[in-house]
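Structure record follows, encoded as structure tokens.
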Amino acid sequence: MPHLIEDYALISDMRTSTLVGPDGSADWLCLPRFDAEAVFAGILGDEQHGFWRIGPAHAEGTPPPVASSRRYRANSLVLDTEWHVPGHGTVRVTDLMPTGDDAPALIRIVEGVTGRVRMRSVLHTTVNYGQYTATHRQTGGRTVFSVSNGVLCLDTSADSTVAGSGEFTVGEGDTVTFAMTWQSDESVAPVPPDAHDALLRTEAYWQTWAARSTYQGPHKEAVTRSALTLKALTYAPTGAIVAAPTTSLPEAIGGVRNWDYRYTWLRDAAMTVVALVSLGYLDEARAWRTWLVRVIAEDLDSLQIMYGIAGEHQLAETELDWLPGYENSAPVHIGNGAATQLQLDVYGEVIDALHHARLAGLEPDPAATALQVRLVTHLEKRWQEPDEGIWEVRGPRRHFVHSKVMAWVAVDRTIQLIESGTAEGPLERWRKLRDTIHQQVCEKGYDPQRNTFTQSYGSRELDASLLLIPQMGFLPPDDKRVIGTIEAIQRQLSTPDGFILRYPTEGEDAGVDGLPGDEGAFLLCAFWMVEALAMIGRTDEARHLFDKLLGLRNGLGLLAEEWDPRSKRQVGNFPQAFSHVGLALAARRLMPQVNLSLPDQRSTEPGLTAVPTIH
């Protein structure tokens, strides 16, 4: 069986990634990209579906030993895993995926630290997400595995492995290296990577990147690890950003809420850009903006809410029935049917990200400026339609309040762009549009009897996305409707341990999202609550919740999508960009000097005060 979701470590080369368990088992690897076929899919089944474990040898019939310690080398995605084997010694396995333009590779370096330790490598490479075992052959001193989209070449300095499996001994000061390299053309074998050179270059790359952060607030280590995780989820060749590097890790163990997150949601990527920009990273915003313009500029009439990492439009959802799913959570999906949904909030998130990048100093781009104006022109025709909303419900479309608020954001930020002289557009008409959206939301999306905004027009349900109303500048934090909404969400959507659900679910009955079953607390929503509490002056409460959220991270600083308050474990795809976005922005919100010096965001409702937001 796979490990707990939160027991995994992430390594990445910004093209794809590997999840490594505490016993040294790589249980998830797609090559050569995040969304390619998995050659190790054991996390969604068992060992027959693909894995590669390197660790101390152990008796047959006993579980492989779990490491004594694991850590990332300082501010990097180079992973050190150590075992202290009583009576024998200490051994270290260092895992990395080299950054750069060379062929994608997984490198594993075994080092003897003290004594002499007998080690075992067990490799099972598969085709098509564990459906078949990959065939292999020996050629020129290396093992070559045939997979659907090319070959995997295994090179090792060990003298007692067959096709990557076997035992060997390391003594103090000894080093044994393994490198698995992907190549598309079977007739052109990749040059075996120099493991030690790759280690030095990769460690230096990540540490140099981390050092560029401008963040100087509290919990710097946690914020830096979140930033590194977000960078690890970028696809370097195009600038796209995946929501998570995995598919079908369940939102509820044993349930059906299992989705493929290895694509670029406009919303998730835009929010990731906002977080990275807030930490001083503009290169990532520039690369994402280039991807955005290339992918959507000529296709606004059929705008999708997500795309493949190279701009692919076809993301048909398919079930892999040969995989039992993580802890029997089926079905396992590849592709995502939500790609065809209407989600009006994405206009706001995309335009807000462009707005943040511009205010942070990213140079203007005429194509992006023209795209922003065209987006609002398009939104002007559609904003009054019902949609599936931020949570991608698979039930009937509704007039979700969050979607309307983000439509307001899109118009508001574009008005500011025109007022700055950077763009041209129908300024007076869009000012009236901004007022109209604002008035409609306050009339149809607010319940005066309960003093709270609601999930959708006419609904009595609440939704954690309403916490963004003050953050987006739609209403000021001291407005009684904002305070009432925050307090209502606290009362009705909090779990027993104080975290936040996205919205109510209905057990085995289909709820607003059209799906049976429940889910855990959505970690991004809890970070939104931290920001909301801080904005209404309940700073001590905000800090307490933030500290509790930090306590949910695994020992390597990583977070999945959700927290299951019953089983007390992380659930959902892992690691999740949304969760690390929330951590970084909540940490910035709690910086006193930031809260005192933020630029103003204007609201159009008469008599409202200026609203601070993070830029």
Q | Surface/4 estimate of mean projected area, convex hull on alpha-carbon atoms of the stretch 110-205, nm² | A | 7.3 nm²
Q.
When only alpha-carbon atoms are used, what values of Rg and Dmax, in angstrom, describe the stretch 1-53?
A. 10.1, 28
Q: Counting only heavy atoms of the protein chains, get the accessible area per residue of the stretch 71-147 (1.4 Å probe) and round it to a whole Å² value.
A: 39 Å²
Q) Once you wrap a convex hull around the alpha carbon atoms of the stretch 329-433, what is its projected area averaged over all directions, in nm²? A) 8.4 nm²
**Q.** Under 12 Å, Cβ to Cβ, from GLY21 - net charge with Lys/Arg +1 and Asp/Glu -1
**A.** -4
Q: At q = 0.08 Å⁻¹, work out log10 I(q)/I(0) for the stretch 1-153 with the Debye formula, treating every Cα as an identical point scatterer and leaving solvent out; two decimals please.
A: -0.22
Q | With all protein chains modelled, accessible area of CYS525 [1.4 Å, Å²] | A | 0 Å²
Q: Calculate, in whole percent, how much of the Cα-Cα pair population of the stretch 352-399 lies beyond 15 Å.
A: 61 percent
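So, by mean Cβ neighbours within 10 angstrom, what's the order for 234-242, 360-368 with the highest one leading?
234-242, 360-368
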Q | Dipole of the stretch 8-159 [Lys/Arg +1, Asp/Glu -1 at C-beta], most positive-end residue of GLY140, ILE43, CYS30 | A | GLY140
Q: Step through the residues of the stretch 164-176 one at a time and calculate ³J(HN,Hα) from phi using the Karplus curve (6.51 cos²θ - 1.76 cosθ + 1.60, θ = phi - 60°), rounding each to whole Hz and writing x for Gly and Pro.
A: x, 10, x, 10, 7, 10, 10, x, 4, x, 7, 9, 10
(Q) I need the P(r) histogram for the stretch 265-376: all alpha carbon pairs, bin width 5 Å from 0 out to the longest distance, whole percents. (A) 2, 11, 20, 20, 16, 11, 8, 6, 4, 1, 0
Q: Rank PHE499, ILE489, ILE418 by how far each Cα sits towards the positive end of the charge dipole of the chain (+1 on Lys, Arg Cβ; -1 on Asp, Glu Cβ) and give me just the farthest.
A: ILE418
Q: Starting from the Kirkwood radius over alpha-carbon pairs of the stretch 126-274, derive D by Stokes-Einstein at 20 °C in a medium of 1.002 mPa s and give it in µm² s⁻¹.
A: 112 µm²/s
Q | Cα-based Lys pair tally, the chain, threshold under 25 Å, eight or more apart or on separate chains | A | 13
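Just the number, please: carbon plus sulfur as a percent of the accessible area of the chain, 1.4 Å probe, no ligands or DNA/RNA counted.
It is 51 percent, rounded to a whole number.
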Q: State log₁₀ I(q)/I(0) for the stretch 375-438 at q = 0.14, 0.23, 0.26, 0.27 Å⁻¹ as given by the Debye formula over alpha-carbon point scatterers of equal weight, solvent excluded.
A: -0.43, -0.92, -1.09, -1.14
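When 1/r is averaged over all different Cα pairs and the result inverted, which Kirkwood radius in Å belongs to the stretch 76-166?
Values: mean 1/r = 0.0662 Å⁻¹.
Value: 15.1 Å, from the Cα pair sum.
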(Q) Can you pull out the GluC sites (Glu not before Pro) in the stretch 108-215 whose DSSP state is coil and whose Cβ has at most 13 other Cβ atoms within 10 Å? (A) GLU186
Q: Before rounding to the nearest 500, sum -39500 (n - 2.57) across all DSSP H runs of length at least 4 in the chain and divide by the residue total; then give [θ] at 222 nm in deg cm²/dmol.
A: -10000 deg cm²/dmol
Q: Starting from the Cα coordinates of the stretch 406-491, work out the convex hull volume and express it per residue in Å³.
A: 90 Å³
**Q.** Viscosity 0.692 mPa s, 37 °C: Kirkwood-radius Stokes-Einstein D of the stretch 43-109 over Cα pairs, µm²/s
**A.** 233 µm²/s
Q. At q = 0.09, 0.19, 0.20 Å⁻¹, what base-10 log of I(q)/I(0) does the Debye formula yield for the stretch 439-575 when every alpha carbon is treated as an equal point scatterer in vacuo?
A. -0.28, -1.13, -1.21
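From the C-alpha coordinates alone, can you work out the Kirkwood hydrodynamic radius of the chain, in Å?
Result for the chain, one decimal place: 25.0 Å.
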(Q) Across the stretch 190-283, what fraction of all alpha-carbon pairs, as a whole percent, falls in each successive 5 Å bin from zero upward? (A) 2, 11, 18, 18, 17, 15, 11, 6, 2
Q | Ratio of the Cα radius of gyration of the stretch 346-505 to 2.2 N^0.38 Å, where N counts its residues | A | 1.09
Q.
Can you tell me what percent of all Cα-Cα pairs in the stretch 236-299 are more than 17 Å apart?
A. 49 percent
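The values are calculated or read from the model by the stated rules, or taken from the named source; none is laboratory data. On a predicted model such as this, the values are computed, not experimentally measured, just so you know. Cβ: placed from backbone, ideal geometry, glycine included. Neighbour counts: every protein chain shown. Side chains are part of the model used for accessible areas, which takes the heavy atoms of the whole protein and leaves out ligands, DNA and RNA. Shrake-Rupley method; radii C 1.70, N 1.55, O 1.52, S 1.80 Å.
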